[in-house]
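Structure first, commentary second.
The values are calculated or read from the model by the stated rules, or taken from the named source; none is laboratory data. If you're wondering where the values come from, they're calculated on a predicted model, not measured in any experiment. Quick reminder, even Gly has a Cβ in these numbers, built from the backbone with ideal geometry, and neighbours come from all protein chains shown. Heavy atoms of the whole protein, side chains included, go into the accessibility calculation; ligands, DNA and RNA do not. Shrake-Rupley method; radii C 1.70, N 1.55, O 1.52, S 1.80 Å.
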Amino acid sequence: QLKNWKKNINMVWRDISGHRFGSMFLSPIKSGDAPHYYEVIRKPLDLKAIKNRIRDEDITTTIEFYRDIMHMLMNALMYNAEDTDVYHMAMEILPDAQACIEQLQQTEAAVNKPKDSPGPALPDTASTASVVKADDESKAEEPEADDSDASLPAKRRRRIASERASKHLRE
């Protein structure tokens with residue numbers, strides 16, 4: 001069963017690394033490219049490290065994979081200012097990565113669900129989009145909106161999802 005899971009999770013990993021901004025997250029950050037990165041970010045992660053963790057069986061569940069992908073993207077959001085390209089790249093890849101992982105989770109739940117059983121509880125990836133920087137928390141509260149509402153601009157939907165994720169991760 002682990003062999004099948006590895007095959008499936010590697011397909012998801014390939015989808016994420018194949019994203020138009022995936023190459024930005026493929027390799028470790030070089031100290032020269034990001035001053036003080038390793039002082040600010042205590043547990044750096046990149047896609048190659050995550051792939052190696054799957055290979056070495058340090059990651060053996062979809063939830064662990066999800067945790068590491070989110071951790072990698074949160075590192076990018078925490079280190080980089082909101083007005084930087086890297087921040088925007090992380091915000092763009094985030095919902096796409098979540099969608100890939102959520103699709104695998106739903107497939108796993110359907111395959112592993114015994115008849116007449118509600119199935120395993122999975123993280124709600126729609127509400128764990130990203131972690132918002134601390135200064136975002138000081139902004140005025142806006143009326144509650146649904147981050148899947150297509151009438152909202154994409155940037156606002158991402159911000160709403162980000163705020164929900166921040167709240168979820170603090171709980």
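Once all protein chains are placed together, ASP46 keeps about 10 Å² accessible to a 1.4 angstrom probe. For the stretch 67-98, list residues with backbone N below 16 Å from a point placed 7 Å from the Cα of GLU39 toward its Cβ? Under cut-off, by backbone N: 79-80. Here the relative contact order of the stretch 1-104, from alpha carbon pairs under 8 Å that lie six or more residues apart, stands at 33 percent.
What the Cβ-Cβ distance of LYS113 and ARG67 gives, at R0 = 30 Å and to the nearest 0.05, is a FRET efficiency of 0.85. Within the accessible area of the stretch 1-108, the carbon and sulfur atoms contribute 52%, probe 1.4 Å, all protein chains present.
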